[in-house]
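Written below as structure tokens is the structure these notes are about.
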Amino acid sequence: MHPIGGYFELECARHPDFHSGAVMLNSARNALRYIIRAYYIKEIYAPYYTCPVVWDAIYAENAKIIPYDIDSRFMPMANIPHDAFVLYNNYFGICGKNADALAARFPNLIVDNAQSFYSHKSGMAAFYSPRKFFGLPDGGLAICDHAPDTELKRAVSYDLCSHLLKRVDLGAGGGYVDFQINDSALVGRPVQAMSYLTQAMMGNIDYDFAHRRRMANFEFLHKSLGTHNKLQIDIKPGDTPMVYPFWSDDASLRARLIENQIFVAKYWPAAPSCECMTSALSLAMAESIIPVPIDQRYDTGDMKRILEVINASY
């Protein structure tokens, strides 16, 4: 019996889920673990160039990793058996065409769409990290045709929201330490159903607006930077990139952007406990590809400011 009356809770809208039918879990890494359990995977091909938590998630399910490298078009460089379980990253949300091509080759393809929230499933299964696209404390989505036998406990996430709240009142700097603490708190959490709070917050998201704003910003940057970008970008219609990945020979660019209050991450810093990113190409990509922000918080004026910093190199 639910209570009636009393104090008000956080106001949340009721926008429909973008991925209808997805299994809503407490993190993307645990969405991968859910898929591994669902298909009883004991061995999987996985890229060197990926987030270390991906390998950690596979190891947590006692599955063997057979690593493969990728080329400059983000396609696998390996002789992979037709019937193998294959994990492929939709890098930066620009590799939807690659995912479709690989799905045609490998019936047991699993696509890591952590960086491509808007991509529809290619292959056997896919998983997503909505907090990489929207202001959420945690959460992950899994799309697959099977389900593990065990019933999942419901997660809670109210204790992971301080960075989101502080950023509104105090700005990015005011909540950054909390962001690091809350992000680290996700490590080692068991596979659980998404919290009621995160699920409710997802109901506030205007998915169409975020898609349109991201695409406008992406196209604006690509029009100016495409000829200088060492990456050949050819996105699939309907997909929406997480960032504008800019591969530049300017070794000082990342630091210069940060000095100008344009915060860019690194995908991915190598983890001492993980064997991923040991290839020369993977390390070069991690160091040289600048993930330029294009998300729905920003407009053309912000993109012009970014270009002023980048164009100082040319």
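The values are calculated or read from the model by the stated rules, or taken from the named source; none is laboratory data. Computed from a prediction, not measured in an experiment: that's the story for all the values here. We place every Cβ from the backbone using ideal geometry, glycine too, and count neighbours over all the protein chains shown. The area values use the complete protein model at the heavy-atom level, side chains included, leaving out ligands, DNA and RNA. Shrake-Rupley method; radii C 1.70, N 1.55, O 1.52, S 1.80 Å.
Computed 3J(HN,Hα) for the stretch 231-248, one whole-Hz value per residue from the Karplus formula 6.51 cos²θ - 1.76 cosθ + 1.60 where θ = phi - 60°, is 8, 8, 9, 9, 7, 7, x, x, 6, 9, x, 6, 8, 9, x, 10, 8, 10, glycine and proline marked x. Computed from phi, the 3J(HN,Hα) profile of the stretch 146-156 under the Karplus parametrisation 6.51, -1.76, 1.60 (θ = phi - 60°) reads 10, 9, x, 6, 7, 7, 9, 6, 7, 6, 10 Hz, with x in place of Gly and Pro. Across the stretch 159-314, counting alpha-carbon atoms alone, Rg and Dmax equal 17.5, 49 Å.
Shown here: the stretch 123-231, whose C-alpha atoms stretch 51, 42, 27 Å along the first, second and third principal axes, sorted largest to smallest. Atom-type composition of the exposed protein surface of the chain places 54 percent of the accessible area on carbon and sulfur (1.4 angstrom probe).
For the chain, the solvent-accessible area of protein heavy atoms averages 49 Å² per residue (probe radius 1.4 Å; ligands and nucleic acids excluded). Solvent-accessible surface of protein heavy atoms, probed at 1.4 angstrom with all chains present, puts D100, D295 in the order D100, D295, largest first. Taking amide hydrogens as placed 1.01 Å from N in the peptide plane, the amide H of V292 sits under 5 Å from those of Y244, F246, each at least 5 positions away in sequence or on another chain.
For a straight C-alpha distance cut-off of 29 angstrom, the lysines reachable from K236 (same-chain residues fewer than eight places away being disregarded) are K97, K121, K132, K223, K266, K304. Computed from point charges on the beta carbon alone (+1 for Lys and Arg, -1 for Asp and Glu), the dipole magnitude for the stretch 1-160 about its Cα centre is near 160 Debye.
Assuming 0.36 nm per residue, please report the length gained on full extension of the stretch L10 to Y298 beyond their Cα-Cα distance.
Details: separation 288, 0.36 × 288 = 103.68 nm, distance 2.52 nm.
101.2 nm is the gain from fully extending L10 to Y298.
Using the C-alpha gyration tensor of the chain, what are the square roots of 5 times its eigenvalues, in whole angstrom, with the largest one first?
Working: eigenvalues 167, 150, 65 Å².
Rounded to whole Å, the semi-axes are 29, 27, 18.
Stretched out straight at 0.36 nm per residue, the stretch from Q261 to Y196 would grow longer than its current Cα-Cα span by 20.0 nm.
Relative to the current alpha-carbon distance between K230 and D169, full extension at 0.36 nm per residue lengthens the span by 18.1 nm. When both bridge partners sit in the chain, DSSP labels roughly 45% of those beta bridges antiparallel.
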